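Quick note: the coordinates plus some simple rules give every number you see, no bench work behind them. Computed from a predicted structure; not experimentally measured. When we count neighbours, we look across all protein chains shown, and the Cβ atoms used for this are built from the backbone with ideal geometry, even at glycine.
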């Protein structure tokens, strides 16, 4: 699938996503997808996600925000993100 929502984009270009790479694309019946915003608790990620979330909501998208309690810890809300969201932006920083 190569539509707007049919590819995974990696801004680091380290591993290019391929069709059939195992990524799940949900087929929920919605006018617009729900976008999850996952904060990994690093410096400046909150500012970035607030900006991205504001732009998405301005365009009519619903967003769902969650924050990992610690940077190196797994996300305790991963199942909730998978259930509630069509796509997730996982913001990271160095």
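Put a dot 7 Å past the Cα of residue 58, heading toward its Cβ, do the same for residue 78, and the two dots end up 3.4 nm apart. Applying 0.36 nm per residue to the separation of residue 67 and residue 42 and subtracting their alpha-carbon distance, the gain on full extension is 8.0 nm. On a per residue basis, the convex hull of the C-alpha atoms belonging to the range 34-91 measures out at 59 Å³. Across the range 34-91, C-alpha contacts under 8 Å between residues 6 or more apart give a mean separation that, scaled by the residue count, equals a relative contact order of 55 percent.
Estimated at 0.36 nm per residue, the fully extended path between residue 87 and residue 30 surpasses their Cα-Cα distance by 19.2 nm.
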